[in-house]
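As structure tokens, the structure follows; a few thoughts come after it.
The values are calculated or read from the model by the stated rules, or taken from the named source; none is laboratory data. Keep in mind it's a predicted model, so treat the numbers as computed, not measured. Counting neighbours? That spans all protein chains shown, and the Cβs are built from the backbone with ideal geometry, glycine included. With ligands, DNA and RNA removed, areas are computed over all heavy atoms of the protein, side chains included. Shrake-Rupley method; radii C 1.70, N 1.55, O 1.52, S 1.80 Å.
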Amino acid sequence: MITLAVLAFEGAVIRRSTDAAAPPLLVRGVEASLAELRRRGVRVVLVCEGSHDAATRLLGRLGWSVSDDLRAPHTVDAVVAVDDVASAPPAPFAVHHAMELTGTLDVRQVLVAGDSIVMLEAGRAAGAGWLVGVLSGSARRPELASVHHDAILSDLNDLVALAVPAAPAR
């Protein structure tokens, strides 16, 4: 059972852009997919490559917020940025901090998904139960296939089709 999804924000949830002034572009359909995961009781944490302040501003530009209310639209349960942990991925600290922020005790119930080898390596180093590569970012299938993974998906929307079971009622 998956109770926590730790997702790479850049490349998996939003498209990477070389233009910092450009508005963030969501992967098509990702809002509905994340809402469905949260409806099933799966906590969602975004791992961001920038600072926590930059991540918060970016979420604001999307109209998203951080909330532990699973019914709240356009929200995630927490954000972990590089300045929130001692070392960024591939170190396991972002995954472990996501667990800490959401009260997740069993790392085997954690799914880590990202568009990069370093995100999958972070999940493996943390002991996550599921490692999922997504092709919506910079890495291509051969790159993601070169590291330990449980699935490689076209994008995060395919997570819902993996039959992620609902978490027990809280």
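In segment 98-119, the residue that is nearest to SER136 (Cα to Cα) out of those that are open to solvent by 40 Å² or more (accessible area, probe 1.4 Å) and without any contact (Cβ under 8 Å) to a residue 60 or more places away in the chain is ILE117.
Applying the criterion of being over 15 Å from the mean Cα position of the chain (by Cα) and open to solvent by less than 50 Å² (accessible area, probe 1.4 Å) to the residues of segment 71-86, the residue that is farthest from GLU31 (Cα to Cα) is VAL85. Keeping to segment 75-100, report how many residues are over 20 Å from SER51 (Cβ atoms) and part of a strand (DSSP E or B). Total meeting the criteria: 1.
The single residue among LEU7, LEU26, LEU58, LEU46 that is within 23 Å of SER87 (Cβ to Cβ), open to solvent by 30 Å² or more (accessible area, probe 1.4 Å) and touching a residue at least 12 places away in the same chain (Cβ under 8 Å) turns out to be LEU58.
Out of all the residues in segment 101-123, which are part of a helix (DSSP H, G or I) and either aliphatic (A, V, I, L, M) or under 20 Å from GLU10 (Cβ atoms) (or both)? Steps first, answer last, please.
Kept after step one, since they are part of a helix (DSSP H, G or I), are these residues of segment 101-123: 101-102, 107-109, 117-123.
Of everything in segment 101-123, those that are part of a helix (DSSP H, G or I) and either aliphatic (A, V, I, L, M) or under 20 Å from GLU10 (Cβ atoms) (or both) turn out to be LEU101, VAL107, ILE117, VAL118, MET119, LEU120, GLU121, ALA122, GLY123.
Taken over segment 29-43, residues that are closer than 19 Å to GLY137 by Cα and surrounded by 14 or more Cβ atoms within 10 Å (Cβ to Cβ) amount to 4.
Checked against the criterion of being modelled with pLDDT of 90 or more and more than 17 Å from VAL95 (Cα to Cα), the candidates ALA32, ALA21 yield just one match: ALA32.
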